[in-house]
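Undergrad: Right, I'll just put the structure down here and ask away after.
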Amino acid sequence: MPSSLLKSVLAALVALSIAACGGGGGTAKSLVYETDWTNRGRGVTGLSQSIEVFDSQGRRTDSLIVNQDTEGIQTVRLALSGSGPYHVHVDLYSQRDNQGTKTGEIDALVTGGSFKSQVGINVASVFVTPQNTAFQVQHSKQFYATGYGVAAKAVFVEPGSFEWSVLGSSATISETGLALGVAEGSGTARATYTPDNIQGSSVFTVEPFDSKRTRWTVLVYLNAANDLYSFSDLNVNQMEQVATNPQVRFVVQWKQSKSLFSGSSFDGTRRYLVRADNTSQIASELIQDMGTSVDMGQAQTLTDFIAWGKTYYPADRYCLVIWNHGNGWRRGIQEPSRAVSYDDETGNSIQIWQLAQALGNNTFDIVAWDASLMQMLEVAYEIQDKALYVVGGEESPPGEGYPYDLIFKKFRDQDTDTTRNLTKAFVDGMLAVPGYASRKITQSVIDTSKLPALGTAVDALADELIANVGTIGSAIVNVRTSAQSYSPTSNRVYRDLVHVCDLLISQVSVTSIQTAAGNVKTAINDALVWEGHNSNSPNSHGVSIDFSSSTTFNLGTTAVDYALMRFAADTSWNEWLQIAP
């Protein structure tokens, strides 16, 4: 860049900074956007512009459409909220009202005040922001490349016309200018305007990651790339309300998809360290912006998050919360990919038989399901070596899910209490939400060390049912019809296991079946640490099981899928379901 032009661009940016402070230290509340159409019809040109402004957390603060209504300069004002610096993104379209094709774009980082652009002017220089910045190892930093004309005004460039590279080994950078610190040191982020090979750069420093061990790290795998997205902000806000104890940290991997749900508060996948805040805004620290290509419906993505979280946020004890839709042990027939953690952007989800691998070589103190129908024996059994306690509900909870403020208040205030005692907060919290009183609420805590004995008891019950299948047909149908059910469909036949055993004892006259059912109840009572339900789900006792008929169980891939699980390998329950009346 010629020295005179560089001085002009820098002067314009300094003026922006001064304007943002209002000359007296105040906070800017608006951005004046000025665009010059004088040279429209030359170079990168168009008839309308879409202007968006985002705060430092990536939240859109305002947006406008500007049509060319004059041959000269047009000025509009955009509202600012949150904290800066602010990202200005402008798209240029060939027709009015953002119709036709997208012909050009501008991206820039500003602090407020005013921003000027020109249409139809060639790029004379490239300026990269932020300049001379610093970020930590494993933190991300978004760089923006802006083309400028000779008048030191931003000019439109063809979409995708900047190529990014990094000098040095302290960071990597994506094709969109998103850098990730990988090692302590310094480097340079370089943007090249490829049509004319014009370059701009920014120097950065990558600082060491400040890793401290705490008593608790709560890892929240928050996949909101689906129709539950509107509740994700609520839940993170609830975490912020109780994030006041530095010994109890919330680390969140959070995905939303604006392409599917325009009301999403951001687009892509991010990693946050939750910070204490009592406002309705998300005030947590954005550690990593992972971009828009992460698939949170993949088991490996969960594995990677766990490894990252434990490496950089070590703790004496860990709680893993998986937040999303759930479908118990099954994948759906109508939506074949679904099991848990549905990523609607990719169409993928994590299957139950993938969970042990997904959780890696870890034993969590708590694995909690903030998802529907997940407190099934088949699911808990699958991860019995991966958690000391498994927490979840037999029912489908309200979309708002866990009341994180109520649940983790106990962790905040009693962080040295036993894990067993702290898990009771999940049960108490779900039953304490006034708005949930009219919904079917269930919640329980399973001690996984007791699951082998419970599996043995269920195996014995299955053997007795198989041995007597020829004489108990009508009774089994009555049990299936009468037992407490959970979100029943033609192919989803989940029943409370204790209630099933109660009905087997009362309705089946075979002594060996009654004895086996009683033994299952005893084993469940031993395995359940805490259990709670409201009157809308009266015969719930803490753990459900698939109680399908053979007709249902042998439909499609159900029996084949079931055989993939550890519970099928260790018990005869799937053999029973294959012949169940």
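Conditions (1) free of Cβ contacts under 8 Å to residues at least 40 places away in the same chain; (2) under 33 Å from the mean Cα position of the chain (by Cα), marked per residue:
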{"site": "L64", "(1), (2)": "yes, yes"}
{"site": "N67", "(1), (2)": "yes, no"}
{"site": "T70", "(1), (2)": "yes, no"}
{"site": "S94", "(1), (2)": "no, no"}
{"site": "G100", "(1), (2)": "no, no"}
{"site": "G104", "(1), (2)": "no, yes"}
{"site": "T111", "(1), (2)": "no, yes"}
{"site": "A134", "(1), (2)": "no, yes"}
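Undergrad: Name the residues in the range 468-526 that are under 35 Å from the mean Cα position of the chain (by Cα) and acidic (D, E), would you?
TA: D496, D526 - these are the residues of the range 468-526 that are under 35 Å from the mean Cα position of the chain (by Cα) and acidic (D, E).
Undergrad: Taking the stated definitions as given, is A356 among the small types (G, A, S) and at pLDDT 95 or above?
TA: Judged against the criteria, A356 is a match.
Undergrad: Which numbered condition trips up K116, out of (1) out of contact with any Asp or Glu (no Cβ under 7 Å at 6 or more places or on another chain); (2) more than 16 Å from G200 (Cβ to Cβ)?
TA: So the condition that K116 fails would be (1).
Undergrad: Also, quick follow-up: What is the number of the single condition among (1) in contact with a Ser or Thr (Cβ under 7 Å, 6 or more places away or on another chain); (2) of a type outside the set (S, T, N, Q); (3) over 30 Å from F553 (Cα atoms); (4) part of a strand (DSSP E or B) that Y342 does not meet?
TA: (3)
Undergrad: Tell me, please, whether a residue that is at pLDDT 90 or above and in a loop (DSSP other than H, G, I, E, B) can be found in the range 17-35.
TA: Checking the range 17-35: not a single residue is at pLDDT 90 or above and in a loop (DSSP other than H, G, I, E, B).
Undergrad: Only residues that are of a type in the set (V, I, T) and surrounded by 15 or more Cβ atoms within 10 Å (Cβ to Cβ): list them for the range 189-215, please.
TA: T192, I198, V203, T205, V206, T214
Undergrad: From the set of residues in the range 349-390 that are touching a Phe, Trp or Tyr at 6+ places or on another chain (Cβ under 8 Å) and polar (S, T, N, Q), which is farthest from G328 (Cα to Cα)?
TA: The qualifying residue farthest from G328 (Cα to Cα) is N362.
Undergrad: Mind checking which residues of the range 299-315 are of a type in the set (A, V, I, L, M, F, W, C) and open to solvent by less than 30 Å² (accessible area, probe 1.4 Å)?
TA: Result: A299, L302, F305, I306, W308, A315.
Yes/no matrix, rows are residues, columns are (1) open to solvent by 40 Å² or more (accessible area, probe 1.4 Å); (2) of a type outside the set (A, V, I, L, M, F, W, C):
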{"residue": "L286", "(1), (2)": "yes, no"}
{"residue": "G297", "(1), (2)": "no, yes"}
{"residue": "G328", "(1), (2)": "no, yes"}
{"residue": "R331", "(1), (2)": "yes, yes"}
{"residue": "Y342", "(1), (2)": "no, yes"}
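Undergrad: Check off (1) at pLDDT 90 or above; (2) under 30 Å from S265 (Cα atoms) for G43 and give me the number that stays unchecked.
TA: (2)
Undergrad: Picking from V274, V248, V242, which residue would you name as being under 16 Å from F305 (Cβ atoms), crowded, with 20+ Cβ neighbours inside 10 Å and modelled with pLDDT of 95 or more?
TA: Checking each option against the conditions leaves just V274.
Undergrad: If you take the residues of the range 262-271 that are closer than 14 Å to S232 by Cβ and among the small types (G, A, S), which of them is modelled with the highest pLDDT?
TA: G268
Undergrad: Can you pull out the residues in the range 511-545 that are out of contact with any strand residue (DSSP E or B) (no Cβ under 6 Å at 6 or more places or on another chain) and among the charged types (D, E, K, R)?
TA: Across the range 511-545, the qualifying residues are K521, D526.
The values are calculated or read from the model by the stated rules, or taken from the named source; none is laboratory data. In this text the structure is predicted, and so the values were computed from the model without any measurement. Glycine gets a Cβ as well: all are built from the backbone with ideal geometry, and neighbour counts include every protein chain shown. Side chains included, ligands, DNA and RNA excluded: accessible areas come from the protein's heavy atoms. Shrake-Rupley method; radii C 1.70, N 1.55, O 1.52, S 1.80 Å.
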